Amino acid sequence: MLKSLLTLALMTTLAIPTHAQESNIKQTLEAKLGVPVTSVTKSGYLGLYEVFLNGQIIYTDEKATAFLAGNLVDTKTMTSVTESRLQTLNAVKFSELPLNQAIKQVKGNGKRTLVTFEDPNCGYCKRLAKDIEKLDNVTLYVFLYPILSEDSIRKSRQIWCSADKVKTWNDWMVNGKAPTGKDDCDTSAIINNVEYGQKLRITGTPTLIFVNGERIPGAVPLAKIEEKLNSAK
């Protein structure tokens, strides 16, 4: 018992400097960069600390005298440590997504699920929409996320207010047929989408989210989407 207590006391004592160091780094970088730092942890490489801020990772030394931005690669596995950590740190709690604020479309048996945040005037979103047309056995949730222009807001309102949201969305995104209906229904869902997306630090469209919480920004090749849909659990 005594040995166990001594071991616990030693571990606690050793942990204090590390925690204090991480806190010091956090305070120093916040003061220098002028942005909030979400977390600071030991990276396990080259004595560097991983700093997570604004949805991105930078690396710094124990005194925060300089910082590095870019991919940290493990030479044993030749994989990007940074990308792996970003997937974890940026993961979304899928169960908390307000899916009632999205346009829902079921294709085939709908067993697989894909969520996207999209702006109706986003060219990459239109490219994605054409690829998604080829998907089968999937339930799609499209969050209207008008962040590009006032016209994006107007089109999003017209799409949301239409009698058939799925058809109006696909007519515009896939076929180029602009919505012409009214936009005077309850569009609070769109406002809520923008606020929610900002909390998730979604800064660009499209952003794809899978059921395991993984998010991928940008237009992703169809083969990659199929791979992620089949592997996400």
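Computed from the coordinates by the stated procedures, all read-outs in this text should not be read as laboratory data. In this text, all values refer to a predicted model and were calculated from it rather than measured experimentally. With ideal geometry, Cβ positions are generated from the backbone for all residues, glycine too; neighbour counts draw on all protein chains shown.
Before moving on, here are some points about what is shown:
- Kirkwood-based shape ratio for the range 88-194, expressed as Rg/Rh from alpha carbons: 0.95
- With a simple spin-label model that places each label point 7 Å from the Cα along the Cα-to-Cβ direction, the separation between LYS32 and ASP151 comes to 4.3 nm.
- Taken along the Cα-to-beta-carbon direction at a fixed 7 Å, the label points for LYS182 and ALA69 span 4.7 nm.
- Calculated mean residue ellipticity, 222 nm, the chain: -13000 deg cm²/dmol, from DSSP H runs (n ≥ 4) at -39500 (n - 2.57) each, averaged per residue and rounded to 500.
- Working ranking of peptides 31-41, 51-61 by packing, defined as the average number of other Cβ atoms within 10 Å per residue, highest first, is 51-61, 31-41.
- THR41/THR77 FRET efficiency (R0 25 Å; Cβ-Cβ; nearest 0.05): 0.80
- Once the Cα-Cα distance is subtracted from the 0.36 nm per residue extended length, the ASN175 to GLN87 segment shows a gain of 28.3 nm.
- For the chain, the equivalent ellipsoid built from the Cα gyration tensor has semi-axes of 42, 20, 17 Å, listed from largest to smallest.
- Each Cα pair under 8 Å and six or more residues apart adds its sequence gap; the mean of these over the residue count of the chain is a relative contact order of 16 percent.
- Within the range 94-231, DSSP assigns beta bridges of which about 65% are antiparallel (rounded to the nearest 5).
- The range 105-149 has equivalent-ellipsoid semi-axes of 22, 11, 6 Å, by the square roots of 5 times the alpha carbon gyration tensor eigenvalues, sorted largest first.
- Computed extension gain for LYS107 through SER95, at 0.36 nm per residue and net of the alpha carbon distance, reaches 2.2 nm.
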